[in-house]
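What follows is a short report on a single structure.
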Amino acid sequence: MPREANRGDAMDVGGWLRELGLEQYEAAFRENEISEKVLPNLTAEDLKDLGVGTVGHRRMLLDAIAALRAETSAPTPLPEAPLATDKAAKDAAERRQVTVMFSDLVGSSLRLTAEKCLLRFHTMCDL
């Protein structure tokens, strides 16, 4: 997808339309200030308002807009950065094991005093 060389990450909407073979709509997009921020939110009704008269052209534009949306909504994680969800899942799993062990310990020893219960807990954990 065309990008302006001097702005790095700014999209050239006119170039994008030319790539699609729909350069005849470039002036309408420019006059209506359709930028890379507005483009992903355009609907079929918006395209009609812009003067995109044929269903085939609207369909081509909507498909290309959907591809843009998918491209911008899929973040790429840094390879050396650990995923936060992995750490959170591991923490939750560890807490669950301790909780299950503690509830088993308490449930099976209702007649134990708090000190004995805590002593059993530490013994099971090798603390």
List the extent of the Cα atoms of segment 13-73 along each of their three principal axes, largest first, rounded to whole Å.
28, 21, 21
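Counting other beta carbons within 10 Å of each Cβ, put Phe29, Phe121 in order, fewest first. List each step's numbers first, then the result.
Values: Phe29 23, Phe121 16.
In order of increasing Cβ crowding within 10 Å: Phe121, Phe29.
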Taking Lys and Arg as +1 and Asp and Glu as -1, residues besides Gly56 with C-beta under 15 Å from its C-beta add up to +2
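Every read-out reported here was derived from the displayed coordinates using simple, explicitly stated rules and does not represent laboratory data. If you're wondering where the values come from, they're calculated on a predicted model, not measured in any experiment. Don't worry about glycine lacking a Cβ; one is built from the backbone with ideal geometry, like all the others, and counts go over all protein chains shown.
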